[in-house]
Ligand code: SF4
């Protein structure tokens, strides 16, 4: 997959805190949920970037900040070098044309009172494109065909389609304006396992055919494995590892990534023994995250330093960035993830 070196999107020190208030008449802020807390990364043109982490890690909030469905508390998102926070009026409308999103739940993201023809045509209507009805219908039916829906079902309603087909409707609507960036927020997690692969294959095909830049959000590393060029792992509002696909799956450096991978059921071709590293405890509250390294309360490698000094996100070899004072060694990966290192050779 070809990717240009110039980033399409640059995210710098992005922060989103949601205030927690108390009081019925005189509300006062008593704290904040630190959903995203100082995250920086680039999205390269034409790549598929996976963002992975457990529920509450900040991945969906990051997605909404990228497309300005939310405004950040601080930090910037640059699209082709331009700060999207400066977009207003027509500029903001154009931004929503350039950046589209596919949502997790195909059931609630489609208006049940509209035919799918008019749902998919919505972006054309909003942006004043293809005003002539016949032409608009032709464009919508082309899109339906492209995502694997029968164009003759143009006048049907969402309830007449299965979950997988509804997600295809969402995909058709999202690609209608040929966006520069498409964000898929857990697009298959509400679907049956048997349907998931079909929707993933569709997204992969479209990404290749249209040269789309795709951000794919998932809570499970196994889902993004065959989709992504690079993978970012988030934990409690922080980016803890960012690496090319083969490095992340072959030699994860952050203990949290190692634990996530260890939880993925994979056949080990060497037949070797694998020490499953299951995460203990729940994810701490993002309203009161642990000091320094936020993973130290659950990390099997934690030492004193981890609770007092926040590890910077820095290069750990193989183009891998990881935020950890004591990253995984090859021996540890070999013990816990024998299939990973052998697959990487
Ligand atoms: Fe574990 Fe320490 Fe690394 Fe955090 S910095 S992931 S606690 S070893």
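The values are calculated or read from the model by the stated rules, or taken from the named source; none is laboratory data. No experiment lies behind these values; they were computed from the predicted model shown. Cβ coordinates were reconstructed from backbone atoms using ideal geometry, including for glycine residues, and neighbour counts include every protein chain displayed.
Numbers at a glance
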quantity: Residues of the stretch 189-206 classified as in contact with a strand residue (DSSP E or B) (Cβ under 8 Å, 6 or more places away or on another chain) and crowded, with 21+ Cβ neighbours inside 10 Å, total; calculated: 1
quantity: Enumeration of residues in the stretch 285-330 that are more than 10 Å from the ligand (Cβ to nearest atom), assigned to a loop (DSSP other than H, G, I, E, B) and surrounded by fewer than 17 Cβ atoms within 10 Å (Cβ to Cβ); calculated: 285, 287, 288, 291, 312, 317, 318, 319, 329
quantity: Only listed residue being over 12 Å from the mean Cα position of the chain (by Cα) and within 16 Å of the ligand (Cβ to nearest atom), chosen from 193, 240; calculated: 240
quantity: Filter pass, residue 128 being in a helix (DSSP H, G or I), surrounded by fewer than 19 Cβ atoms within 10 Å (Cβ to Cβ) and modelled with pLDDT under 95; calculated: no
quantity: Which listed residue is part of a helix (DSSP H, G or I) and either closer than 16 Å to residue 187 by Cβ or in contact with a strand residue (DSSP E or B) (Cβ under 8 Å, 6 or more places away or on another chain) (or both), from 166, 97, 139; calculated: 166
